[in-house]
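S.K.: One structure is given below, represented as structure tokens, and several questions about it will come after.
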Amino acid sequence: MTAMIDLKNVSYRYPVSDDSVLKNISFSIEKGKFTAIIGNNGSGKTTLCNTIRGFVPHFYKGDLDGEVIIDQTKITDYQLGQLGEKVGYVFQNPFIQVSGVKDNVFEEVAYGLENLGIPVEEIKIRVEEVLKLVKIEYLRDKNPFELSGGQRQRVALASIIVMDPEILVIDEPTSQLDPIGTQQIFEIIRLMKERGKTIVLVEHKMDLIAEYADDLLVMHKGELVMQGPVREVFADPEFEKYQIQYPHVTEIALQLQQSGIPLSFLPIRDEELADALNRTEVAAHD
Amino acid sequence: MKQNILLQLHPMTKFYFTLFIFAVVLISPGYIFSFAIFPILILIAMLAGVAKEFLNIVIKALVTVLIFIFIMQMFFYPGENVLWEWGIFEIKQEGIKYGLLLTSRILAIGSAFILFFRMTEVRDFVKSLEDIGLPPMGAYVVLSTLQIIPEMRRQANTIMEAQKTRGVETEGSIFVRAKAFIPTLTPLILSSIAGTEERAITLESRAFSAPVKKTSLHQLSKSNMDRALPIVFALVVIGLIVWRFFL
């Protein structure tokens, strides 16, 4: 597998601040992998996303050290406009992610494709498909400025995935959504993964990360402190140090272990708990 | 959708018509002709079904200005034939004549432009400008301004409410309301400035600066009428010029 996103010793400092927001970060993400970035507020997750998308250093100035390589090419060798097609970025604040020139959701979603110069007939087909996928067909004639937070978040996601980028960087896409809406978004992300997209997701909902993501990057105060497959990272005792939430079931399992109930492995998904308990019993009977 | 032949004309055709009125008024002598244009515009507005709004704006925006200009000209335009005198104020015949000429022209040209914007959606107009070479950046600026104004009004209301919960008095006499204006305005302006950065990123994430030619869902079509009318306008203007200056 080839590395789609490759960071080597990346440090970054915003123009007017004294401290580095990113400190010596190195990792690489293979094509087609779903990687979640977790960490507490202010740990540099969003800045990391900006770096992958190329807004650092193309848009935000400041000092960037190290190398960021997207699809075998250094980020500094891209023009900002070229990256638009390659890396889709859905960012945190859904209220600002509106182009501001379109009167309805259909055209809003189509806006990115217009900018990419896709023929009109194809735009219509692709927008229809994405509206259906993200379940916002009923909003098609609404003004994007008059939507609720959750609706805007879906529109923002739709506007990016319609452009069909190879890499999707998604920063907290479910902050305004109810549990069902959240689940649906994760289903969409899974679908994108099945289509071979490389996905980088910032999220705080650990249960869903445990269920859907392949790999985990743990950020703490600007440093990348842990990385690896989801299960390994949660199972690592070091994880507890960073005061980040566990998936609920893992939390329960850890408490069970503390009170002396043996588990054969540390479950990270709800349905695994019974399994973890059962197997030890079997083992005990033997 | 209402099928109105006038409204369905290409924005450029409507714009040419406005320029046509502009040229006709400037070329034609005297005020009677220019004043005669106004009823024609009202007729067009009626046919297009926008007469009410059209007259409303003309009265609100133009009439007071016109009266003011007319009075100024009446009193202060240099001339010999004094009709009426009071202290330093003199009404002169030349002043009245010039005042009528000036107001007739402003009325005709001003209302032609008002009619144009009543009959044309701005986004159609901007699209037609884009078609003839306005850079997308410029088109964006015009269009986003239109959408952002109501958005800012909404935001101003939110800020106002927020300040109310913090104890800023926002209701009462004009003085009280004026005082409440400052704590509302400052956050509004600051947040708008901060918002531009995020908006720039939004546009960038939608590939706004992608190095390709953009396409558009919004297409304008030209009918035979749209091809014929500008030629008619041009011929009439040329005819007028010849009549006025060469015959």
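Throughout, read-outs are computed from the coordinates displayed, never taken from laboratory work. Bear in mind the structure is a predicted one, so any value in this text is a computation, not a measurement. Virtual Cβ from ideal backbone geometry, glycine too; neighbours counted across all protein chains shown.
S.K.: Could you tell me which of the pairs A:LYS135/B:LYS222; A:LYS193/A:LYS221; A:LYS124/A:LYS193; A:LYS61/A:LYS197 are separated by over 32 angstrom between their Cα atoms in the structure shown?
M.R.: A:LYS135/B:LYS222
S.K.: Ordered by packing density, taken as the mean number of other Cβ atoms within 10 Å over each peptide's residues, highest first, how do A:181-192, A:29-40 rank?
M.R.: Going from most to least packed, we get A:29-40, A:181-192.
S.K.: Place +1 on the Cβ of every Lys and Arg and -1 on the Cβ of every Asp and Glu in the protein assembly as shown, take the dipole about the Cα centre, and give the residue among B:PHE246, B:ILE71, B:VAL50 whose Cα lies farthest towards its positive end.
M.R.: Sorting the options by dipole projection puts first B:PHE246.
S.K.: For the stretch B:124-170, go through all pairs of different Cα atoms, get the mean of 1/r, take its inverse, and jot down that Kirkwood value in Å.
M.R.: So the Kirkwood estimate lands at 12.8 Å.
S.K.: P(r) of the protein assembly as shown in 10 Å steps, Cα pairs, percent per bin?
M.R.: Taking all Cα pairs of the protein assembly as shown, the binned fractions are 3, 14, 19, 19, 16, 12, 8, 5, 3, 1, 1, 0, 0 percent.
S.K.: Please list log₁₀ I(q)/I(0) at q = 0.08, 0.15 Å⁻¹ for chain B, using the Debye equation with identical point scatterers on the alpha-carbon positions.
M.R.: Log10 of I(q)/I(0), two decimals: -0.54, -1.13.
S.K.: Hey, another quick one. By DSSP, what percent of the beta bridges with both residues in the protein assembly as shown are antiparallel, rounded to the nearest 5?
M.R.: Around 55 percent antiparallel, to the nearest 5.
S.K.: Cut-off 19 Å, label point 7 angstrom out along Cα-to-Cβ of A:VAL120: give me the residues of the stretch B:117-136 whose amide nitrogen falls inside.
M.R.: B:121-134, B:136
S.K.: Mind checking the dipole of the stretch B:28-148: about its Cα centre, +1 per Lys or Arg Cβ, -1 per Asp or Glu Cβ, Debye to the nearest 20?
M.R.: It works out to roughly 220 debye.
S.K.: Let me ask something else. Averaged over peptide B:141-149, how many Cβ atoms belonging to another chain are found within 10 Å of each residue's Cβ?
M.R.: Counting Cβ atoms of other protein chains within 10 Å of each residue's Cβ and averaging gives 3.
S.K.: Follow-up question, since we're still on this one. Among DSSP beta bridges whose residues both lie in chain A, state the antiparallel percentage, nearest 5.
M.R.: Here the antiparallel bridges make up roughly 50 percent for chain A.
S.K.: More than 33 Å apart: what percent of Cα pairs in the stretch A:3-237 qualify?
M.R.: Counting every Cα pair in the stretch A:3-237, those more than 33 Å apart make up 15 percent.
S.K.: Can you give the FRET efficiency to the nearest 0.05 for B:THR64 and A:LYS61, using r as the Cβ-Cβ distance and R₀ = 51 Å?
M.R.: It comes to 0.50.
S.K.: Here's another thing I want to ask about it. In peptide A:114-127, how many Cβ atoms from other protein chains are near each Cβ within 10 Å, on average?
M.R.: Rounded to a whole number, the mean comes out at 4.
S.K.: Continuing with the same structure: Mind sorting B:PHE38, B:PHE76 by how few other Cβ atoms lie within 10 Å of their own Cβ, fewest first?
M.R.: Neighbour counts put them in this order, fewest first: B:PHE76, B:PHE38.
S.K.: Would you please give the FRET efficiency between B:LEU26 and B:ILE149, computed as 1/(1 + (r/R0)^6) with r the Cβ-Cβ distance and R0 = 35 Å, to the nearest 0.05?
M.R.: Plugging the Cβ-Cβ distance into 1/(1 + (r/R0)^6) gives 0.60.
S.K.: Going by average Cβ density within 10 Å per residue, which order do the peptides A:119-125, B:201-207 take, highest to lowest?
M.R.: The most tightly packed comes first, giving B:201-207, A:119-125.
S.K.: Treat every Asp and Glu Cβ in the protein assembly as shown as -1 and every Lys and Arg Cβ as +1, leave all other atoms uncharged, and give the resulting dipole magnitude about the Cα centre to the nearest 20 debye.
M.R.: With only Lys, Arg, Asp and Glu charged at Cβ, the dipole is about 2540 debye.
S.K.: Using a ≥ b ≥ c from the Cα gyration tensor of the stretch A:29-71 (square roots of the eigenvalues), is it rounded, prolate or oblate, where a/c under 1.5 gives rounded and otherwise the larger of a/b and b/c decides, a/b for prolate?
M.R.: It is oblate, given that a/c is not under 1.5 and a/b is not larger than b/c.
S.K.: If you bin the C-alpha pair distances of the stretch A:217-257 every 10 Å from 0, what whole percents do you get?
M.R.: Result, from short to long distances: 27, 58, 15, 1 percent.
S.K.: Now for a separate question. How high is the relative contact order of chain B, in percent, with contacts defined as C-alpha pairs under 8 Å that are six or more residues apart?
M.R.: 27
S.K.: How would the stretch B:128-205 be classified by its alpha-carbon gyration tensor: rounded, prolate or oblate, with rounded meaning a/c under 1.5 and the a/b versus b/c comparison settling the rest?
M.R.: The shape class here is prolate.
S.K.: Please tell me the relative contact order of chain A in percent, rounded to the nearest whole number, where contacts are Cα pairs under 8 Å and at least six residues apart.
M.R.: 22
S.K.: Moving on to the next point. Quick one: work out Rg over Rh on the C-alpha atoms of the stretch A:39-121, Rh as Kirkwood radius.
M.R.: Radius of gyration over Kirkwood radius for the stretch A:39-121 works out to 1.02.
S.K.: Another question, if that's okay. What is the average number of partner chain Cβ atoms found within 10 Å of a Cβ in A:97-110?
M.R.: That average works out to 5.
S.K.: Could you work out the local net charge near B:PHE54, counting Lys and Arg as +1, Asp and Glu as -1, over the other residues with Cβ closer than 14 Å to its Cβ?
M.R.: Taking every Cβ under 14 Å from that of B:PHE54, the sum is +3.
S.K.: On alpha carbon coordinates alone, what is the Rg over Rh value for the stretch B:162-247, Rh being the Kirkwood radius?
M.R.: A ratio of 1.38.
S.K.: Sticking with this structure for a sec: What are the residues whose amide H is under 5 Å from the amide H of A:GLU30, where those residues sit 5 or more places off or on another chain and H is modelled from the backbone?
M.R.: Amide H neighbours of A:GLU30, under 5 Å, 5+ apart: A:MET4.
S.K.: What is the set of long-range amide H partners of A:ALA36 at a cut-off below 5 Å, with H atoms built 1.01 Å from backbone N?
M.R.: A:LEU201, A:ASP214, A:ASP215, A:LEU216, A:LEU217
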